[in-house]
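The values are calculated or read from the model by the stated rules, or taken from the named source; none is laboratory data. Computed from a predicted model, the values in this text were never measured in an experiment. In this analysis, Cβ positions are derived from the backbone assuming ideal geometry, glycine residues included, and neighbour counts consider all displayed protein chains.
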Amino acid sequence: MPLTTIDPAPALVVVDLQKGIVRALTDDPVTDAVKQATHLTTEFRRHGLPVVLVNVTGRAPGRTDTGRSANTAAPPTGWADLIDELDVQPTDHLITKRRRSAFHDTGLDTLLRDLGVTQVVLCGIATSSGVESTARSASDHAYHVVLATDAMGDPDPEAHRHSVERVFPKLGETATTAEVVDMVEATR
């Protein structure tokens, strides 16, 4: 569903734009996603709207058939640090997650409720993992969900496409960064 409105109390939630993940994914879609996500942070801050920056320091302990090695060593120093392009500000809210969803055992829901937030605009990496899991949880928590599809990326282009085209329309409204920014401008 295309973007229809920006609520009076939206927040931007930026998922996993951290050095260890972004450095590992240096392709053009990720670079473009970072550029669009940083544009969103700038615009939300300019309008005095909450910006929530999420990083990840762990993962669920369950077994899977893909993507996991037996290596349990700690990630390198700085791996979970947010990328410099986000230009973290004192007014930003920082959330550290240990699972895919930014809502799971983090206090994000409490923070958003305390701020009076009714709508979340989501962006980040990876589309089919952290962003999609957070979008599902946001929907389950009854937030109006907006997915800035050009401000997210995934190491698997097919997984990204599937999330954007098949999953996200069931969870909320999809829009480009420009459409979100234009609508924020129009409502402020």
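How many residues does the range 28-42 hold that are surrounded by 20 or more Cβ atoms within 10 Å (Cβ to Cβ) and more than 25 Å from T106 (Cα to Cα)?
To start, the set of residues in the range 28-42 that are surrounded by 20 or more Cβ atoms within 10 Å (Cβ to Cβ) comprises 30, 33-34, 36-38, 40-41.
From what's left, more than 25 Å from T106 (Cα to Cα): 30, 36.
Summing the residues that are surrounded by 20 or more Cβ atoms within 10 Å (Cβ to Cβ) and more than 25 Å from T106 (Cα to Cα) in the range 28-42 gives 2.
If you check T110 against the conditions, is it loosely packed, with under 15 Cβ neighbours inside 10 Å and assigned to a helix (DSSP H, G or I)? Walk me through how you get there before you give the answer.
Working: loosely packed, with under 15 Cβ neighbours inside 10 Å: yes; assigned to a helix (DSSP H, G or I): yes.
It is true that T110 is loosely packed, with under 15 Cβ neighbours inside 10 Å and assigned to a helix (DSSP H, G or I).
What are the residues in the range 48-63 that are surrounded by fewer than 13 Cβ atoms within 10 Å (Cβ to Cβ) and either modelled with pLDDT of 95 or more or of a type in the set (A, V, I, L, M) (or both), if any?
Filtering the range 48-63 down to residues surrounded by fewer than 13 Cβ atoms within 10 Å (Cβ to Cβ) leaves 48, 58, 60-63.
Residues satisfying the conditions are G48, A60.
Across the range 1-27, the qualifying residues are those that are within 18 Å of A142 (Cβ to Cβ) and surrounded by fewer than 18 Cβ atoms within 10 Å (Cβ to Cβ), and the one among them that is modelled with the lowest pLDDT is M1. Checking each residue in the range 135-152 for being among the polar types (S, T, N, Q) and more than 18 Å from E165 (Cβ to Cβ) picks out only S137. None of T41, T5 is of a type in the set (V, I, T), touching a residue at least 40 places away in the same chain (Cβ under 8 Å) and over 28 Å from P76 (Cα atoms) except T5.
Among the residues of the range 33-41, are any farther than 15 Å from T149 by Cα and out of contact with any strand residue (DSSP E or B) (no Cβ under 6 Å at 6 or more places or on another chain)? No: zero hits. If the condition is being surrounded by fewer than 18 Cβ atoms within 10 Å (Cβ to Cβ) and either in contact with a strand residue (DSSP E or B) (Cβ under 9 Å, 6 or more places away or on another chain) or in a helix (DSSP H, G or I) (or both), then the range 81-92 contributes D81, D84, E85, V88, Q89, T91.
Can you confirm whether S101 is closer than 22 Å to R59 by Cβ, assigned to a loop (DSSP other than H, G, I, E, B), at pLDDT 95 or above and not charged (D, E, K, R)?
yes
Are any residues in the range 1-42 part of a helix (DSSP H, G or I), out of contact with any Gly (no Cβ under 9 Å at 6 or more places or on another chain), within 16 Å of T176 (Cα to Cα) and not charged (D, E, K, R), and if so, which ones? Scanning the range 1-42 gives Q36, T38, H39, L40, T41, T42. Close contacts from the range 159-188, counting a first residue that is of a type in the set (F, W, Y) and modelled with pLDDT of 95 or more and a second that is assigned to a helix (DSSP H, G or I) and surrounded by 19 or more Cβ atoms within 10 Å (Cβ to Cβ), with Cβ to Cβ under 8 Å and a gap of 6+ residues or different chains, come to F168/E132; F168/A135.
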